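What follows is a short report on a single structure.
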Amino acid sequence: MRYFLRLAAIAFMSMSFASAGFAADAKPHHIAIQIDQNDPQVMNLVLNNTTNVIEHYRAKNEEVDIDVVAYGPGLHMLRSDTSPVQDRIKRLKDMAFPGKIQFSACNNTRMGMEKAEGHPIPIVADATVVPSGVVHLMELQEQGWSYVKP
């Protein structure tokens with residue numbers, strides 16, 4: 001009986017180490033999430049999706065890179081003067097692994113808004129300005145990133 005218990009313990013420990021090794025060796029995941037609407041419900045849906053992805057892979061001890069790309073009317077999500085979700089963006093940046101989440105603001109849209117509104121468009125501090133949101137999404141997909149449009 002003692003031999004059987006030792007054998008079972010060794011087998012269990014081997015499985016534990018093997019499964020931990022699989023999680024550590026797992027290929028990192030990459031997802032780009034688009035926001036192109038000035039609608040607080042859609043913005044919150046994007047942030048909910050982002051949170052769910054982070055929590056899912058954190059529970060599996062796997063890495064995930066997330067890029068939320070805002071362009072067109074969706075740029076309002078990343079405008080510090082009009083965003084209804086600034087606090088959630090900040091919390092998400094704090095929740096994610098460092099460098100694993102980016103909020104990308106389309107500069108083409110920003111320049112168009114500045115021209116139409118006649119003043120500089122402020123972007124939240126937690127965002128990165130990219131030359132073109134659509135091109136940025138395209139390039140991420142070409143690099144193998146998954147793409148989601150809520």
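Every number in this text was worked out from the coordinates using simple rules, so none of it is lab data. Note that the structure is predicted; figures quoted are calculated from it, not measured. Note: ideal-geometry Cβ built from the backbone for every residue, glycine included; neighbour counts use all protein chains shown.
Observations on the model:
- For TYR147, the amide hydrogen comes within under 5 Å of the amide hydrogens of ALA32, counting only partners 5 or more places away or on other chains and with H modelled in the peptide plane.
- Checking the Cα-Cα distances for LYS93/LYS115; LYS27/LYS60; LYS115/LYS149; LYS90/LYS115 against a 23 Å cut-off, the pairs over it are LYS93/LYS115; LYS115/LYS149; LYS90/LYS115.
- Phi angles across region 105-114 convert, under the Karplus curve 6.51 cos²θ - 1.76 cosθ + 1.60 with θ = phi - 60°, into 3J(HN,Hα) values of 9, 6, 6, 4, 5, 4, 5, x, 5, 4 Hz, Gly and Pro given as x.
- Annotation: amide H of VAL68 within the under-5 Å range of ILE33, GLN102, PHE103, SER104, sequence separation 5 or more or interchain, hydrogens built in the peptide plane.
- Pair ASN108, ASP39: separation of 7 Å Cα→Cβ label points (nm): 2.2
- Each residue, HIS119 and HIS29, gets one label point 7 Å from its Cα in the Cβ direction; the gap between the two is 4.1 nm.
- Full extension of the chain between ASP81 and GLU62 yields a length gain of 3.3 nm, computed as 0.36 nm times the residue separation minus the alpha carbon distance.
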